[in-house]
Structures are given as structure tokens and as C-alpha cells.
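The values are calculated or read from the model by the stated rules, or taken from the named source; none is laboratory data. Because the structure is a prediction, the values reported are computed rather than measured. We place every Cβ from the backbone using ideal geometry, glycine too, and count neighbours over all the protein chains shown. Ligands, DNA and RNA are excluded from the accessible area calculation, which covers all protein heavy atoms including side chains. Shrake-Rupley method; radii C 1.70, N 1.55, O 1.52, S 1.80 Å.
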Amino acid sequence: MSDIHAHPALAHHFDSLEEQKEAATLGMWVFLVTEVLFFGGIFATYAIYRSWYPEAFAAASHELDVTLGTINTAVLITSSLTMALAVHAAQLGRRTKVMVFLVLTMALGGVFLGIKGVEYYHKFTEHLIPGPGFQFEKEHLRHAQIFFSLYFMMTGLHALHMIIGFGIMLVMLWWAWRGTITKEYYSPIEISGLYWHFVDIVWIFLFPLLYLIGRHAH
Amino acid sequence: MTTALVPARHYLNDGYGIKSWLLTRDHKRIALLYLAGVTFFFFIGGAFAVLIRLELATPVGDLVSDETYNKLFTMHGVMMVFFFLIPAIPSVLGNFLVPIMIGAKDLAFPKLNLASWYIYMLGAAFTTYAIVTGGLDTGWTFYTPFSTVASTSAVIPAALGIFITGFSSILTGLNFIVTIHRMRAPGMTWFRLPLFIWSHYATSLIMVLGTPVLAITILLVAAERVFHFGFFDPAVGGDPVLFQHLFWFYSHPAVYIMILPAMGVISELIAAFCRKPVYGYPFVAFASLAIAVLGFLVWAHHMFVAGISVYAAMIFSILSFLVAIPSAVKVFNWTATMYKGSVSWQTPMLYAIGFIGLFTIGGLTGLFLAAVGLDIHVTDTYFIVAHFHYIMVGGTIMAYLGGLHYWWPKISGRLYNEWLAKVSALVIFVGFNLTFFPQFILGYLGMPRRYHAYPPEFQVLNVLSSAGASILGVGYLLPMMYLTWSLRYGRLASANPWGAVGLEWNTTSPPPTANFAEPPEVTWEAYDYGSPAVVEHV
Amino acid sequence: MAEHIVPTRVYYTIFAILMLCTYLTVRIAFFDLGPLNVVAALTIAVLKATLVVLFFMHVKYSTKLTWAVVLGSVFWLGILLALTMSDYLTRAWRTYG
Ligand SMILES: [Cu+2]
């Protein structure tokens, strides 16, 4: 069935590269739906406790560093831009450009994770890790733990997704380098891009919800 | 009968040895890997059920301690729900049939399909580890704060196992959705699809939309238990009821992951053994989608006594009643299909009839539970236990066995012993009702679930139930034996032993690795039993 | 999906708007708008997410099926949030407990 002119990337059960690409893209979108609901569960948790304990959430949010949070938001948005440009270069078959933009995307992702690490370290030294060692002003001691539990869970899962994205980008870089990615077959880069942008979107919501509560108060 | 019965080359002899199975990407072989997996865990879960029914044969808690009993019903529930009922029909029959029924060579992502089996087995390994290292006593529902701050049993490995297995479910759903959208044969329009495909499409939607919420919920439980994070713990102001919301957001729709594919099987069986198209095809197709959507709007009917708002309870009660409509549409249409059909009473049809009866009882008693007032009366009694066993065992397992018998000649290329099969179907039906019908009465009389001892006045009904369970057990062992026997000694099956229509009967038994000798082109409607072009195939 | 190549100037424009929105959302957070603070923060976040989905993720140029998948995910997220909230927002009124 496989005729000799078939593209090397064409799997046996598809008739054409176009069909294969559409399946892959739809597959990634459906996967992102699962991601939306996955994060949705923790966003629902956040919504309930914030509506229950607004003062504790505001007080706890003040312990986060807005400057670092803002810088990280900018870094991540920029990485989304470089990702989009990498896909664009792939569509045009510009191999070097693809690799440059992928490296930039990974570098920016690395910066984000580095800053995140610094923030985590600060929280650790300030005894803001929930559990028996948690220290906070007496009034909000209990409820602030919920905030920080959410903070670590949400940003931790987001960071985990970044790390996975980093791994995907490494594979893409390798594929681009060895010439698997071509003008005809760039769908791996495109669907990796979808994933990367999704992780960016999660942060777009996490940033105001975690860092910007009741900032005017002090 | 004119062509050779067994094709020279088919998926079963296309490669031998353990590697050709464990590294296969053929959806048919992966289906058989799943068959081995779910059968194994079904009998593990069944072993726990045996111990439960043995304990309950007498009013005093004499066989096992109360704590051991907690572990028994928990591990029975976990094994049966997550490792048998949820994967059974989609991962075995669905995996085998979805590509063939739509005329594709394979699922859209064959490697992902194999990966999902390994993920399933890995999750099962974690949960089995939890069982052998002390067991789990939280109930299959993992309610907080017991699961996060109080239980001393192996919560983490068990929860992790379920978390991991969830991904196999997600990947299967994703694979089906993409396959059904993108890989249908030329001419296979949406309304020519077998209803089995519609119901698997609806099931896949639930798998993809619901399972991730279970995944995050398990992570929150794990973080609270291991790192002392605060999400549900009242000690830091958390709400244990929130866990129930998140858990049932998945676990109510999960019931439809179990029952929708079963409904798909029943539609196929009814059409094939009544030699008629399913009455009101589009209604049955859309009823599947309606169940998938409405199924997400009713979860808090599990929480009427958990301290939720009265007003929310009212909303969830009304929405729960709505699910009855598409379910009733299906039952009505199956019955209408049988009306004046030339029904042939072969084994799969016996299971189909059994399904319709038992599912109807399960569904109607579900309406009792959707009504807040009545639900409060029977919450946590054996009435609930009976109700969901009528749906899950009477519904899902009946359909699974019916489907397994119907497609067995296609899967294995062999025929089983029809007489033994009929007897087993009957044994299962009798055993099932004897086991679970008394439990409705017990529950209505007020016997609570999850206790290893009970007042003596409940003994007669409990002994009936335990007796029924032993009959049911025999009924489940029989097919296991004669189906295995048929693999070697059964008569060879023709391509279409039932004279049914559908693409799976247009290829050899067993099918070739690529499913069809020639890529099919569909020019006929679904269940086209009247048309000469189709009869010719038969 | 068919080979729609978006000119890079579109990407740069969207990037500029996203950065501007980030600046705005931080600035607004320091003014006391009462309950409007959270409304503003979420509105801007939704706007940013929409831009990323439409342009960076090419949904604007995609098939109806992709649109359906995207809207479906938002709809189901809405079910999860709204029906859970239906309990929490009315629980203070009355429970069976
Ligand atoms: Cu339910």
C-alpha cells in the first residue's frame, strides 16, 4: 500500500501527510482540553477559598514578590512570541531560524524557572511552606496556609508543565537539526507550540490571581 | 461458505512470540492485551466480593475484623471500578472494533494506544502494591479528611495507581475522538456510523473531560496527606465537602463511561438478532451525546446529606431527573426494534435482554435516589448498593459479556459452545438477581452499607444474597472456561457467522492486520438489513 | 489549517498588546476599585488568553472543529465552576445539616 513516493514521516495507516497533520493537531487540541479541566479543578478550589477568606488571601498574597511575578509574566509572553516565530519559520522551511527561535524559547523558559526557583527559596526561608513549620500573622495563620498550599500547587504544576515543555523543545531542536522538520512536515513543531502557548495561558491567569490580590491596601 | 474459512494471514498469526505482542501497535492485539488485564483484575475484585459475601452470611462479624472488612469493600470497589468497569468495554471491545467499524486501518495514534495499556498496567501495579502492603480502607471514594489525615492504610500508592490509570483512560478517549473524526472510510458519514461508535464517541468525551478533574483531585489529596498542605482539612479552614464536589464531578460521569459503551453494544446486538435497523437511529445516537452532557450536571446527588446547600441540592435533583430522558429513549427504541422483529435467541441476545431488564430496574431506582427526600432515607444503605450494582453489574457486565460473545468469532476466529453459553447466561441472570434484589429490600428496611455485622432480622435476605453471589461466581467462571477452550477446539468461524451487517463482518475472521484486504467504501446505511446489496454480503 | 501563514507583524502586534495588558493589570491592582479589582484582573486575563488562542495558536484561521474543541473546553470549565459555586454561594442560606 505504501507507494515509493510516500513521505518518510507518513505513518502506514494514514493516506496523506495532510490527513496525518490534521489528526495530530486535533489530538493536541483534545489533550489541551484535558489540561483545561485539570487546572480547572484547582482553579475551582481557589475560587471557593478566596470567596471564603478574602482578607487572608490578600494578606498572604502580599508575601509574594510582584516585581519578580511581573518580570516572569513578561518573560513567558516573550517566549510565546519566539515560539510563534519558530512555527512561522518552520512553515517557511527556514531551518536555522527554527533552531534559533527554539533555543530562545527554551532560554526564556529557563529564565522563568530560575526566577521561580528564587521565589520558592525565599518562601522557604520565610517559613511560608504550609504544614507544621508555617509561620504567619496570628489572625490569618490557618487560612493563609490554604493560600500557600494553592500557590505551591498551582505554580508547581505550572512549572512541571514548563519542564515538560522544555523537554519537548529539546526534541524539536534535535529534529530540526537533523532535518526531520521540513516545509512539508512541520506539524510536530506546530503542536508543540500549541502546548507551549497553553502553558503560557495558565500563567496569564495565575499571575493576577496569586500576585495581585488587594495590592492597594498597603 | 464458499471461501476458505480461515484466511492464510491474519492479525493473530502475523508475528509470534512475546515481543510481537508486547511491542505491537495493532489495535486488535492491544485489545487482547487489555482483555487479559481486565479479566485478571475482574477476578481479583471478585475475590474480595466473595469474602464480603461470606462475612455477611451471618449477622455477627466473625470471619474478618471490622477493619479488615473496611479494606475488603474498598479494594473490591477500587479494583472493579477503576481496573475493570471503566476500561472493560472501551479498551477491549472498543479498541478492537472502533477502527474496523469505521473502515480504518488502525486508531489514529497506535503508539499512544499501546502506551495507554502500559500506563493501565503500571497504575494497576501501584494499586496492587497498595493491596499487598496492608490494603486501603477509605472506601473507593477516598473521602477527606479521613483519607488525608486519619487513615493509616496505603492511601498514597492506591491513589497514585488510580491517578496513573486515569491517563490510560484519557489517552484511549483522545485516540477514539480523533479516530472517529478523521479516519472514517469514504462514504462512512456520521449517520451511517454504527451506534456502537456513537456511544464510544460520547464515552470518549467523558473520559477526556472528566478524568483530568479526578487527576487533580488525587494530587490535592496526596499533597495534603504527604506535605500537610491544606485543601480539604478543616483544621486550616478547608472544606471536606469540596473534595466530594471534585471527586463526583468525575465519578458520576464515570458511571456513564461504564454504561454508554454498554448501550452501544446493546444497540448492535438488538439490530443483529432482530434483523432490523435500530428504531429511531438518530434519537439513539443523540441520546448518547445527551447522556454525556447531562451526566456532567448531576454530580451532587451523591452529596445530599453531606451538608451542601438545600438550593444546590434542588438544582442537582432536577438535573438528575433529566438524565432519565435520554436513557428512557434508548430503552424505548430497543424495545420498539424488537417489536415484530424476527428475534433469534442466541447467547448475545440473551445478554441483551438481560441488560435491558436489569438496566431498567437500575435506572428506575436511580430516580428514587435523585429525589432528595427519598435519597435521604436510603443514603448509605444497601438500597444504594443494589442500585449501582444493577447499573454496573447488571448493565455493564451483561453488555460486556454479550458483546464478547457476539464478536468472539471475529476476535478469535472460533465458535464457542452455544449450549454452554446459553446456560451460563441464564446462570448469571439468576445469580445476579438473587444476589442484588434482596439488597434493595435490605436497604429499604434500613440496613446500612459498609458494616461487617448486622442485626439478626436481616439474615434471611443476606443469606439469599450470598447464595446468589456463589451462583453468579459460577456463571462468570463458565464463559472464562469455554471461551478459552474454544480458542483451540472451537469450530472455525466464517467471516459473518451471525449474518449481521456492519463493516466488521465484511472482513475475515480473524481480520488481517490492516483490517481489510481492500480499503472499504461505504454505500449503505447503518443496519441496512433490508437492502439486497447488503444481504448479498451475508 | 491549510497552510495559513500569518505574517510576523501580526505576532509582534499581539505581543505588544499582551505586554501592555500585563502593565495595565499590575497598575490597576494598586488602585482600590473594591470588587471591581478582581473583575478587571480577570477581564484582562481573559482578553490576553483570547489573543494567545486566536493568533499564537492560530485558532482564528482554524477549522470549525477546532473552534468547537476550544469553546467546549471553556464550556465544561464553566460547568465545573458554576455548579460547584451554586453550592457555595447558597450554602449560607440553608443546609440539611
Ligand atoms: Cu451519580
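Number of residues in region B:411-427 that are surrounded by fewer than 24 Cβ atoms within 10 Å (Cβ to Cβ) and in contact with a helix residue (DSSP H, G or I) (Cβ under 6 Å, 6 or more places away or on another chain) equals 7.
Please find, among C:Ser86, C:Ser62, the residue that is open to solvent by less than 40 Å² (accessible area, probe 1.4 Å), free of Cβ contacts under 8 Å to residues at least 12 places away in the same chain and more than 29 Å from A:Arg215 (Cβ to Cβ).
Values: C:Ser62 fails: free of Cβ contacts under 8 Å to residues at least 12 places away in the same chain.
Sole residue among the options that is open to solvent by less than 40 Å² (accessible area, probe 1.4 Å), free of Cβ contacts under 8 Å to residues at least 12 places away in the same chain and more than 29 Å from A:Arg215 (Cβ to Cβ): C:Ser86.
Count of region B:184-203 residues, restricted to those that are out of contact with any Pro (no Cβ under 7 Å at 6 or more places or on another chain) and either surrounded by 18 or more Cβ atoms within 10 Å (Cβ to Cβ) or within 14 Å of chain A (Cβ to nearest Cβ) (or both), is 12.
Take A:Pro208 and decide whether it is assigned to a helix (DSSP H, G or I), under 30 Å from B:Phe232 (Cα atoms), free of Cβ contacts under 8 Å to residues at least 24 places away in the same chain and not aliphatic (A, V, I, L, M). Give the steps one after another, and end with the answer.
Numbers: assigned to a helix (DSSP H, G or I): yes; under 30 Å from B:Phe232 (Cα atoms): yes; free of Cβ contacts under 8 Å to residues at least 24 places away in the same chain: yes; not aliphatic (A, V, I, L, M): yes.
It is true that A:Pro208 is assigned to a helix (DSSP H, G or I), under 30 Å from B:Phe232 (Cα atoms), free of Cβ contacts under 8 Å to residues at least 24 places away in the same chain and not aliphatic (A, V, I, L, M).
In this structure, A:Ser79 does not satisfy being more than 11 Å from every other protein chain (Cβ to nearest Cβ) and not aliphatic (A, V, I, L, M).
Taking region A:1-112 and the helices (runs of 4 or more DSSP H) fully enclosed by it, the elements with 2 or more residues that are under 28 Å from C:Ile14 (Cα atoms) and either open to solvent by 30 Å² or more (accessible area, probe 1.4 Å) or in contact (Cβ under 8 Å) with a residue 24 or more places away in the chain (or both) are at A:17-52, A:66-91.
Checking each residue of region B:322-329 against the condition of being within 16 Å of the ligand (Cβ to nearest atom) and over 23 Å from the mean Cα position of the chain (by Cα) gives no match.
Are any of the residues in region A:23-46 more than 21 Å from C:Val70 (Cα to Cα), more than 19 Å from the chain's Cα centre (by Cα) and more than 8 Å from chain B (Cβ to nearest Cβ)? No, there is no match, as no residue in region A:23-46 is more than 21 Å from C:Val70 (Cα to Cα), more than 19 Å from the chain's Cα centre (by Cα) and more than 8 Å from chain B (Cβ to nearest Cβ).
Just checking: which of the helices (runs of 4 or more DSSP H) contained wholly in region B:280-380 hold 2 or more residues that are touching a Pro at 6+ places or on another chain (Cβ under 8 Å) and more than 16 Å from B:Glu268 (Cα to Cα)? Explain how you work it out, then say what you get.
Details: elements: B:281-294, B:310-338, B:347-370, B:372-378.
Of the helices (runs of 4 or more DSSP H) lying wholly inside region B:280-380, those with at least 2 residues that are touching a Pro at 6+ places or on another chain (Cβ under 8 Å) and more than 16 Å from B:Glu268 (Cα to Cα) span B:281-294.
Picking from B:Ser317, B:Ser251, B:Ser267, which residue would you name as being away from the ligand (no atom under 16 Å from the Cβ), in contact (Cβ under 8 Å) with a residue 12 or more places away in the chain and hydroxyl-bearing (Ser, Thr, Tyr)? Show your work before the answer.
Numbers: B:Ser317 fails: away from the ligand (no atom under 16 Å from the Cβ); B:Ser251 fails: away from the ligand (no atom under 16 Å from the Cβ).
The match here is B:Ser267.
Scanning region B:176-199 for residues that are of a type in the set (Gly, Ala, Ser) and over 28 Å from B:Leu114 (Cβ atoms) returns a single hit, B:Gly187.
Residues that are facing chain C (nearest Cβ under 7 Å) and more than 13 Å from the ligand (Cβ to nearest atom) within region B:290-314 comprise B:Val305, B:Gly307, B:Ile308, B:Ser309, B:Val310, B:Tyr311, B:Ala312, listed in sequence order.
Could you check B:Ile100 against (1) open to solvent by less than 10 Å² (accessible area, probe 1.4 Å); (2) more than 14 Å from chain A (Cβ to nearest Cβ); (3) closer than 23 Å to B:Leu12 by Cβ; (4) in contact (Cβ under 8 Å) with a residue 60 or more places away in the chain and say which number it fails? Looking at each condition in turn, B:Ile100 falls short on (2).
Looking at B:Thr58, B:Thr74, B:Thr39, which is the one that is among the β-branched types (Val, Ile, Thr), surrounded by 19 or more Cβ atoms within 10 Å (Cβ to Cβ) and in contact (Cβ under 8 Å) with a residue 12 or more places away in the chain? Steps first, please.
On the way: B:Thr58 fails: surrounded by 19 or more Cβ atoms within 10 Å (Cβ to Cβ); B:Thr39 fails: surrounded by 19 or more Cβ atoms within 10 Å (Cβ to Cβ).
Answer to the selection: B:Thr74.
Among the residues of this structure, A:Phe207 counts as one that is crowded, with 21+ Cβ neighbours inside 10 Å and either within 13 Å of another protein chain (Cβ to nearest Cβ) or at pLDDT below 95 (or both). From the list B:Gly341, B:Gly394, the one residue that fits, being away from the ligand (no atom under 13 Å from the Cβ), closer than 20 Å to B:Val255 by Cα and of a type outside the set (Ser, Thr, Tyr), is B:Gly394. Residue check: B:Arg9 meets all listed conditions (1) within 30 Å of B:Pro110 (Cβ to Cβ); (2) touching a residue at least 60 places away in the same chain (Cβ under 8 Å); (3) part of a helix (DSSP H, G or I) but one, namely (3). I'd like to know if region A:116-133 contains one or more residues that are touching a residue at least 12 places away in the same chain (Cβ under 8 Å), under 21 Å from A:Phe198 (Cβ atoms) and surrounded by 18 or more Cβ atoms within 10 Å (Cβ to Cβ). Yes - at least one qualifying residue is present in region A:116-133.
Regarding B:Ala272, is this residue facing another protein chain (nearest Cβ under 10 Å) and away from the ligand (no atom under 16 Å from the Cβ)? Taking the combined requirement at face value, the residue does not satisfy it.
Among the residues of region B:239-279, the ones that are in contact with an Asp or Glu (Cβ under 8 Å, 6 or more places away or on another chain) and outside any helix (DSSP H, G or I) come to 1 in all.
For region B:236-248, state whether one or more residues are more than 13 Å from chain A (Cβ to nearest Cβ) and open to solvent by less than 10 Å² (accessible area, probe 1.4 Å). Steps first, answer last, please.
Start the filter on region B:236-248 by keeping residues that are more than 13 Å from chain A (Cβ to nearest Cβ), which leaves none.
Within region B:236-248 (the criterion being more than 13 Å from chain A (Cβ to nearest Cβ) and open to solvent by less than 10 Å² (accessible area, probe 1.4 Å)), the answer is no, since none of the residues qualifies.
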